[in-house]
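K.L.:
This is the structure I have questions about; it appears just below.
The values are calculated or read from the model by the stated rules, or taken from the named source; none is laboratory data. Bear in mind that the values here come from a model prediction, so they are computed numbers and not experimental data. Here the Cβ is made from the backbone with ideal geometry for all residues, glycine too, and neighbour counts use every protein chain on show. Note: accessible area is taken over every heavy atom of the protein model, side chains too, but ligands, DNA and RNA are not part of it. Shrake-Rupley method; radii C 1.70, N 1.55, O 1.52, S 1.80 Å.
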Amino acid sequence: MGENAAPKIVVGLGSCGIAAGAREVLAAFERELKRQGVRAKLGRTGCLGLCYREVLADVITKSQGRISYGNVTPEMVPRIVEQHIINDKPVEEWIVLGDGYTTPDTDFLTRQYRIVLRNCGRIDPEAIEEYIARDGYQALQKVLTEISPENVILIIKESGLRGRGGAGFPTGLKWEFTRKAKGDKKYIICNADEGDPGAFMDRSVLEGDPHSVLEGILIAGYAVGAQEGFIYIRAEYPLAVKRLKIALEQAKSHGFLGNNILGTPFNFNIKIKEGAGAFVCGEETALIASIEGRRGMPRLRPPFPATSGLWGKPTCINNVETFANIAWIISNGAGKYSAIGTEKSKGTKVFALTGKIKRSGLVEVPMGITLREIIFDIGGGIKDDGKFKAVQLGGPSGGCLSADLLDIPIDYETITRTGAIMGSGGMVVADERTCVVDLAKFFLSFTQNESCGECVPCRLGTKRMLEILIRLTQGKGEEEDLYLLRNLARDVKVASLCGLGQTAPNPVLTTLEYFKEEYEAHVRERRCYAGVCTDLTVFVIKDNLCKGCGICVKHCPVEAIVGKRKEIYHIDESKCIKCGLCMEHCPFDAIYRA
Ligand SMILES: Cc1cc2nc3c(=O)[nH]c(=O)nc-3n(C[C@H](O)[C@H](O)[C@H](O)COP(=O)(O)O)c2cc1C
């Protein structure tokens, strides 16, 4: 900020911010600045990652630097303008981040290492100048003018970067296969399908820093010898699509895209293909079919896309986060990247931390960090000071891990050994009020619904598995069901055609492994310890605590509570729908779940 620079106010306008009311906050700043006649610049940025603090608004002044306010509402705006912008005194009780301030939110960022998210929440995603001001497109310039395609591939290989879309395949090797494959035309595809429930890393990067992804795609195109790229993105991500379109236009007008890029012989164009939002379309061969205008069905590999992909041509397909790493690696060197992480899992990984966690949001950490550090040190522990029960890694393709695994390092190999997978980085935390059988049922009902139906093990196997899980949660399960469920899960895993079916049993197998006693309780005792499976839950009024106040009667929607005022009430089980409203509203804690 220059000597006479006006203060700047930046509001976080990612999808999470907008959902929390960021547009209203922005409008309030606009109104307030006008009303008080204050000279200040107003801007926008993407998600910084502190989704639990949205709406976030930063005030940048010469004297105070950058100060971030959290949970901002339009009502808070006049005080921020008057106190901070006019009188240069930050509103200390609303600060979440700022130089010289230590707040609980500081922990959320200090343990992170931001490569992929380096610009998210820091730049205006719709202004290419702000990306360029943070060294954007310098890596592209460098490779086009100083490094041969083969050496670019060598750098990526040396960095140790592995694909962030789930399987962790070495990126440099994939680029090399595509470069060496025979073909007059080659393609790059950016996989932005992101269909896992609980995952929002790719969307946030595209909304917050689209140019970093475009730059990665362009460098990949140069390295493998492609002239055309596609970004396959689900249509449910309208803001990401909008920002990508703006970024493409800007990149074109600045000479980073099109013909003779930056005055070199390199030509490259990128098209956006919006998908209808089917989970299986994230699978690379199904995705390719979808771009070609066919139904998004996977096919057997080999041949792999690197040799025969889009329209039968060699195609390099990588995930959004994979591409967002590339420019940083080129600019900072393979050595700096490979110094981060573990022996076999280099660099950082972005996780979408959600569920029963105090600080939910986007977290980028070095590989090798433990689950405990992410969940407790960064995430602040369990919401409402509850007790940790489980963490689901990698969404419906992943697995559910118990408390005794909290100290394992997060890297591809260790996670795979637990039965879960790194996946794309969804991390859903569960507390003791979560029933793991119900959780497994949730993820399996998702994959069962999303199965394309092409192969029998996936189409019917997941259906039969789901039926068993439904029986268990209804208290109708038998001992034999546990045996059947495990065997069926193993069969579906080995016999399915694509990754969807091959990974769909993971939530079931891991919960059976780490929470066996809960499955057994559902069968043998007809009990759900978490009190989630309503058919297995009974609400009981404790005689010694009930004061006969009648509040429970007022809240019961089905008149299941019987008795008279000032006497002890009872619950008629035949009428009770197990909604729990009576327990929630009882002022004497006289109602419990049995
Ligand atoms: C059912 C299914 C869904 C997938 N969804 C995605 C996705 O949404 N995004 C993604 O990048 N990869 C997804 N993948 C993995 C891709 O098939 C592919 O491995 C990946 O895009 C390769 O990129 P990478 O090497 O950068 O990881 C999915 C795989 C399966 C089996």
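K.L.:
Of all the residues that make up the stretch 157-181, how many are within 11 Å of the ligand (Cβ to nearest atom), among the hydrophobic types (A, V, I, L, M, F, W, C) and in contact with a strand residue (DSSP E or B) (Cβ under 9 Å, 6 or more places away or on another chain)?
P.N.:
Count: 3.
K.L.:
Could we say that Leu248 is open to solvent by 10 Å² or more (accessible area, probe 1.4 Å) and not hydroxyl-bearing (Ser, Thr, Tyr) here?
P.N.:
Working: open to solvent by 10 Å² or more (accessible area, probe 1.4 Å): yes; not hydroxyl-bearing (Ser, Thr, Tyr): yes.
For Leu248, the condition - open to solvent by 10 Å² or more (accessible area, probe 1.4 Å) and not hydroxyl-bearing (Ser, Thr, Tyr) - is met.
K.L.:
Can I ask one more? Within the stretch 45-68, take every residue that is assigned to a strand (DSSP E or B) and touching a residue at least 60 places away in the same chain (Cβ under 8 Å) and give me the one that is farthest from Ser360 (Cα to Cα).
P.N.:
The initial filter retains those residues of the stretch 45-68 that are assigned to a strand (DSSP E or B), namely 45, 57-61, 65-68.
Now restrict to residues that are touching a residue at least 60 places away in the same chain (Cβ under 8 Å): 45, 61.
On the way: Thr45: 19, Thr61: 29 Å.
Out of the qualifying residues, it is Thr61.
K.L.:
Continuing with this model, one more query. Does Tyr113 satisfy the criteria of being among the hydroxyl-bearing types (Ser, Thr, Tyr), assigned to a loop (DSSP other than H, G, I, E, B), open to solvent by less than 60 Å² (accessible area, probe 1.4 Å) and more than 17 Å from Val55 (Cβ to Cβ)? Steps first, please.
P.N.:
Values: among the hydroxyl-bearing types (Ser, Thr, Tyr): yes; assigned to a loop (DSSP other than H, G, I, E, B): yes; open to solvent by less than 60 Å² (accessible area, probe 1.4 Å): no; more than 17 Å from Val55 (Cβ to Cβ): yes.
No.
K.L.:
Is there a residue in the stretch 122-136 that is open to solvent by 10 Å² or more (accessible area, probe 1.4 Å), aliphatic (A, V, I, L, M) and assigned to a loop (DSSP other than H, G, I, E, B)? Please lay out each step first, then the result.
P.N.:
As a first pass, look at the stretch 122-136 and keep what is open to solvent by 10 Å² or more (accessible area, probe 1.4 Å): 122, 124, 126-127, 129-130, 132-135.
Pick out the ones that are also aliphatic (A, V, I, L, M) and you get 127, 132-133.
Those still in the list that are assigned to a loop (DSSP other than H, G, I, E, B) too: 127.
Checking the stretch 122-136: at least one residue is open to solvent by 10 Å² or more (accessible area, probe 1.4 Å), aliphatic (A, V, I, L, M) and assigned to a loop (DSSP other than H, G, I, E, B).
K.L.:
Out of everything in the stretch 182-203 that is part of a loop (DSSP other than H, G, I, E, B) and more than 12 Å from the ligand (Cβ to nearest atom), what residue ends up being surrounded by the fewest Cβ atoms within 10 Å (Cβ to Cβ)? Lay out the reasoning, then the answer.
P.N.:
Here is the first cut: in the stretch 182-203, the residues part of a loop (DSSP other than H, G, I, E, B) are 182-186, 193-200.
Pick out the ones that are also more than 12 Å from the ligand (Cβ to nearest atom) and you get 182-186, 198.
On the way: Lys182: 8, Gly183: 16, Asp184: 6, Lys185: 14, Lys186: 23, Gly198: 22.
For the stretch 182-203, the residue satisfying everything is Asp184.
K.L.:
Do you know which residues across the stretch 500-526 are part of a loop (DSSP other than H, G, I, E, B) and surrounded by 18 or more Cβ atoms within 10 Å (Cβ to Cβ)? Walk me through how you get there before you give the answer.
P.N.:
Residues of the stretch 500-526 that are part of a loop (DSSP other than H, G, I, E, B), as a first pass: 504-505, 515, 526.
Within the stretch 500-526, Ala504, Pro505, Phe515 meet the criteria.
K.L.:
Please verify whether Leu206 is among the aliphatic types (A, V, I, L, M), part of a loop (DSSP other than H, G, I, E, B) and buried (at least 17 other Cβ atoms within 10 Å of the Cβ), treating the condition exactly as stated. Reasoning before the result, please.
P.N.:
Values: among the aliphatic types (A, V, I, L, M): yes; part of a loop (DSSP other than H, G, I, E, B): no; buried (at least 17 other Cβ atoms within 10 Å of the Cβ): yes.
When the stated conditions are applied, Leu206 does not pass them.
K.L.:
A follow-up question, please. Looking at Ala223, Ala240, which one is modelled with pLDDT of 95 or more, small (Gly, Ala, Ser) and over 10 Å from Val320 (Cβ atoms)? Please lay out each step first, then the result.
P.N.:
On the way: Ala240 fails: over 10 Å from Val320 (Cβ atoms).
After applying the criteria, what remains is Ala223.
K.L.:
List the number of the failed condition for Glu249; all other conditions in (1) away from the ligand (no atom under 11 Å from the Cβ); (2) part of a helix (DSSP H, G or I); (3) charged (D, E, K, R); (4) within 21 Å of Leu310 (Cα to Cα) hold.
P.N.:
Going through (1) away from the ligand (no atom under 11 Å from the Cβ); (2) part of a helix (DSSP H, G or I); (3) charged (D, E, K, R); (4) within 21 Å of Leu310 (Cα to Cα) one by one, Glu249 breaks only (4).
K.L.:
Out of the residues in the stretch 306-333 that are closer than 28 Å to Leu244 by Cβ, more than 16 Å from the ligand (Cβ to nearest atom) and not aromatic (Phe, Trp, Tyr), which is least open to solvent (accessible area, probe 1.4 Å)?
P.N.:
Ile330
K.L.:
Can you name the residue in the stretch 483-499 that is in contact (Cβ under 8 Å) with a residue 60 or more places away in the chain and not in a helix (DSSP H, G or I) and, of all such residues, is most open to solvent (accessible area, probe 1.4 Å)?
P.N.:
Once the filter is applied, the top-ranked residue is Leu497.
K.L.:
For the stretch 21-44, which residues satisfy the criterion of being under 19 Å from Asp88 (Cα atoms) and either touching a Gly at 6+ places or on another chain (Cβ under 8 Å) or not in a strand (DSSP E or B) (or both)?
P.N.:
Phe29, Glu30, Glu32, Leu33, Lys34, Arg35, Gln36, Gly37, Val38, Arg39, Ala40
K.L.:
Within the stretch 474-481, does at least one residue satisfy the condition of being open to solvent by less than 70 Å² (accessible area, probe 1.4 Å), small (Gly, Ala, Ser) and within 16 Å of the ligand (Cβ to nearest atom)?
P.N.:
No: the stretch 474-481 contains no residue that is open to solvent by less than 70 Å² (accessible area, probe 1.4 Å), small (Gly, Ala, Ser) and within 16 Å of the ligand (Cβ to nearest atom).
K.L.:
Does Thr106 meet the test of being within 22 Å of Leu371 (Cα to Cα), among the polar types (S, T, N, Q), open to solvent by 10 Å² or more (accessible area, probe 1.4 Å) and without any contact (Cβ under 8 Å) to a residue 24 or more places away in the chain?
P.N.:
Details: within 22 Å of Leu371 (Cα to Cα): yes; among the polar types (S, T, N, Q): yes; open to solvent by 10 Å² or more (accessible area, probe 1.4 Å): yes; without any contact (Cβ under 8 Å) to a residue 24 or more places away in the chain: yes.
Against the criterion (within 22 Å of Leu371 (Cα to Cα), among the polar types (S, T, N, Q), open to solvent by 10 Å² or more (accessible area, probe 1.4 Å) and without any contact (Cβ under 8 Å) to a residue 24 or more places away in the chain), Thr106 qualifies.
K.L.:
Check off (1) within 16 Å of the ligand (Cβ to nearest atom); (2) free of Cβ contacts under 8 Å to residues at least 60 places away in the same chain; (3) closer than 18 Å to Pro197 by Cβ for Lys441 and give me the number that stays unchecked.
P.N.:
With respect to (1) within 16 Å of the ligand (Cβ to nearest atom); (2) free of Cβ contacts under 8 Å to residues at least 60 places away in the same chain; (3) closer than 18 Å to Pro197 by Cβ, Lys441 is out only on (1).
K.L.:
Collect the residues in the stretch 28-39 that are of a type outside the set (D, E, K, R) and either modelled with pLDDT of 95 or more or under 30 Å from the mean Cα position of the chain (by Cα) (or both), keeping them in residue-number order.
P.N.:
Step one: list which residues in the stretch 28-39 are of a type outside the set (D, E, K, R), which gives 28-29, 33, 36-38.
If the condition is that a residue be of a type outside the set (D, E, K, R) and either modelled with pLDDT of 95 or more or under 30 Å from the mean Cα position of the chain (by Cα) (or both), then Ala28, Phe29, Leu33 are the ones that fit.
K.L.:
Could you check the stretch 469-493 and list, in sequence order, the residues that are among the β-branched types (Val, Ile, Thr) and over 30 Å from Thr285 (Cβ atoms)?
P.N.:
Residues of the stretch 469-493 that are among the β-branched types (Val, Ile, Thr), as a first pass: 470, 473, 492.
Within the stretch 469-493, Ile470, Thr473 meet the criteria.
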